[in-house]
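J.: Below is one structure. I have some questions about it.
The numbers here are math on the coordinates, done by the rules we state, and not lab data. Quick caveat: nothing in here was measured; it's all calculated off a predicted structure. Positions of Cβ are backbone-derived with ideal geometry, glycine not excepted, and every protein chain shown enters the neighbour counts.
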Amino acid sequence: MTQQLTGLDLSQVDLASEVVRTRRLTLRPFRSDDVDAVLRASQDPESQRWISAMPDPYTREDARRFVEDVAMRERSDRTGLSVVIEDGDGYAGSAGLYLRPGRLGPEIGYSVAPWARGRGYASEAARALADWGLGHGAPRVHLYVDVRNAPSLAVARRAGFAQEGVVRGCLEYRDGTRGDAALFGRLAGD
């Protein structure tokens with residue numbers, strides 16, 4: 001079913017154990033021992049500002065649920081490729097290629113831990129996941145960025161995505177208001 005919805009051919013891929021490597025990073029499956037790093041990274045006010053779906057306050061149980069119930073299950077259910085962004089020092093953030101149905105194709109997401117920012121890891125991970133999806137037959141991949149999040153807008157551009165427009169009022173903020181997101185896409189020929 002995922003193949004029909006996203007264009008991906010994953011028939012020869014063990015999504016549960018798939019690892020993507022870049023020059024500097026390993027994008028690997030989550031493990032139970034990542035809970036503490038996820039908890040630590042998720043205390044960051046900037047992460048909480050831009051990821052409104054993240055519980056606030058973010059507890060150890062929230063981190064455990066994300067790692068063991070969400071990220072691991074996406075892979076086993078073949079609905080996503082959630083990854084730990086790992087550099088030479090260990091946990092540097094998380095990212096994913098989400099295989100939800102729709103015309104826009106797989107969606108990329110990323111979040112870099114505060115201690116690993118400023119090194120280009122988000123754009124490197126986003127580019128690698130987009131390349132992986134396109135390399136497995138997706139005709140396109142996309143991502144959304146809050147129009148006020150200048151660092152993330154720059155990440156999308158550095159990762160080779162083209163801004164295709166603005167989706168008005170699609171973001172839900174914690175205070176009940178709504179905001180706009182820039183829609184970025186990459187095609188196989190980009």
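J.: Under 11 Å from the Cβ of S123, count the other residues' Cβ atoms, weight Lys and Arg +1, Asp and Glu -1, and hand me the total.
T.: Residues near S123 contribute +3 overall.
J.: Which value in deg cm²/dmol, rounded to the nearest 500, describes the helix-derived mean residue ellipticity at 222 nm for the chain, given -39,500 (n - 2.57) per DSSP H run of n ≥ 4 and division by the residue count? Walk me through the numbers on the way to the answer.
T.: Values: 7 runs with 52 residues, N = 190.
It lands at -7000 deg cm²/dmol.
J.: Lys and Arg at +1, Asp and Glu at -1: add these up for the other residues within a Cβ distance under 11 Å of I51 and post the number.
T.: Numbers: positive: R49, R174; negative: D44, E46, D56, D146.
Value of the local net charge: -2.
J.: Right, something else. When Lys and Arg each count +1 and Asp and Glu each count -1, what net charge do the other residues less than 10 Å away from A63, Cβ to Cβ, add up to?
T.: -1
J.: How large is the charge dipole for the chain, taken about the Cα centre, if only the Cβ atoms of Lys, Arg (+1) and Asp, Glu (-1) carry charge, to the nearest 20 debye?
T.: 460
J.: Taking Cα centroids, how far is the stretch 53-122 from the stretch 137-187 in Å?
T.: Spelled out, the Cα-based centre of one part sits 17 Å from the other.
J.: Kirkwood Rh, Cα Rg: Rg to Rh for the chain?
T.: Value, to two decimals: 0.93.
J.: Does the stretch 90-190 classify as rounded, prolate or oblate by the C-alpha gyration tensor (a ≥ b ≥ c root eigenvalues; a/c under 1.5 gives rounded; else a/b over b/c gives prolate, otherwise oblate)?
T.: Oblate, because a/c is 1.5 or more while a/b does not exceed b/c.
J.: Based only on Cα atoms, what mean projected area does the convex hull of the stretch 1-102 have, in nm²?
T.: 7.2
J.: In addition: Trypsin sites (Lys or Arg not before Pro) within the stretch 45-98: which are DSSP loop residues with at most 11 other Cβ atoms inside 10 Å?
T.: Answer in residue order: no site qualifies.
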